[in-house]
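Notes to accompany the following structure.
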Amino acid sequence: MSINIIKRAKEVLEIEAQAIKLLKGRLGKSFVKSVELILKCKGRVVVSGMGKTGIIAQKFSATLASTGTPSLFLHTAEAIHGDLGKVTGDDVVIILSNSGATEEMKQLLPILKKIGAPIISLTGNSKSVLAKYSDVVLDVSVKKEACPLGLAPTASTTATLAMTDALAVCLLERKGFKEKDFAFFHPGGALGRRLLLTVADIMRQGQANAIVREDKLVAEVLLAITRARAGSAIVVDKGGKLKGIFTDGDLRRHLASDNNLPLRPIKEVMTKNPAVVNKDMLAAEAMRILQAKKIDEVPVVDKFMHPVGLLDVQDLLKAGLI
């Protein structure tokens, strides 16, 4: 029995995966035109649907709104009972409907045309009344539903969801939408707090940040690191300008080949010209620098290259960014 269940589940996943793969071959001028229409929109993107497809429409509208494209969801049935007043000629209307031929659709489309809002449709029926009224048609038809009765929307809603995600991602990239913009629209909850954190919020300062002169001996630097309970020390010149950093990794590398290491000046064994960040940078951006350079600590400097703090990978971990 359990074997049959797993077999059937795999068949469902395969059907839905194939439905998405088919979409790749349909991407062309219509998809590009859809993206361009939305980019030029002076109002909002009104996403409409009902039933299971309506749920996909709500998700799409929410994704657009959270990634910098003003949007609202319009239930197709409610639209013909007063909610059409939400739509203006400056808007772009995107309608999701597998059949494209419901009674509500037939009543809605002529009014939308009178309002003057361009219509983009995602439909499984390119010959439907919806397709005929649309300025742009995106074909999301599927060969078959995963439902054995062919009744419950399964592969069709998966294909529609995937196409809306493709639109949303292309739009945010064309808009130049960045992580800081995402944070602006997500100020609440753990996600928002993490994204809004700056380096200044979590960097080590004062006694927790070991700063030493470049003429100090390694032994003295190790004591400073121990007192700061840190994993590294920032090295500066007489004027307080950054010259390098001495990390646990530097210590291990030189210990293996230098018995006289504790008595050597730190400037001879430090990492020179290290990567740096500034205190106003988003902590998430600083994390990417650490990951890209495969380092655990980075000095935080001002515009004159004077160190004002130290960012350690452990600080990012505590902040929930890793």
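No lab work stands behind these numbers, since they all come straight from the coordinates. Please read these numbers as outputs of a predicted model, since none were measured by experiment. When we count neighbours, we look across all protein chains shown, and the Cβ atoms used for this are built from the backbone with ideal geometry, even at glycine.
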Single condition Leu251 does not satisfy, out of (1) exposed (fewer than 13 other Cβ atoms within 10 Å of the Cβ); (2) in a helix (DSSP H, G or I): (1)
When segment 85-114 is examined, which residues are found to be among the hydrophobic types (A, V, I, L, M, F, W, C) and buried (at least 17 other Cβ atoms within 10 Å of the Cβ)? Val87, Val92, Val93, Ile94, Ile95, Leu96, Met105, Leu108, Leu109, Leu112
Take segment 28-47 and flag every residue that is among the hydrophobic types (A, V, I, L, M, F, W, C) and free of Cβ contacts under 8 Å to residues at least 40 places away in the same chain. Val32
Identify the residue in segment 19-57 that is among the basic types (Lys, Arg) and in a helix (DSSP H, G or I) and, among all such residues, is farthest from Cys147 (Cα to Cα). Lys40
Residue under evaluation Ala230, criteria (1) surrounded by fewer than 19 Cβ atoms within 10 Å (Cβ to Cβ); (2) part of a loop (DSSP other than H, G, I, E, B); (3) among the small types (Gly, Ala, Ser), criterion not met: (1)
For residues in segment 294-306 being touching a strand residue (DSSP E or B) at 6+ places or on another chain (Cβ under 6 Å) and surrounded by fewer than 21 Cβ atoms within 10 Å (Cβ to Cβ), which is nearest to Lys241 (Cα to Cα)? Met305
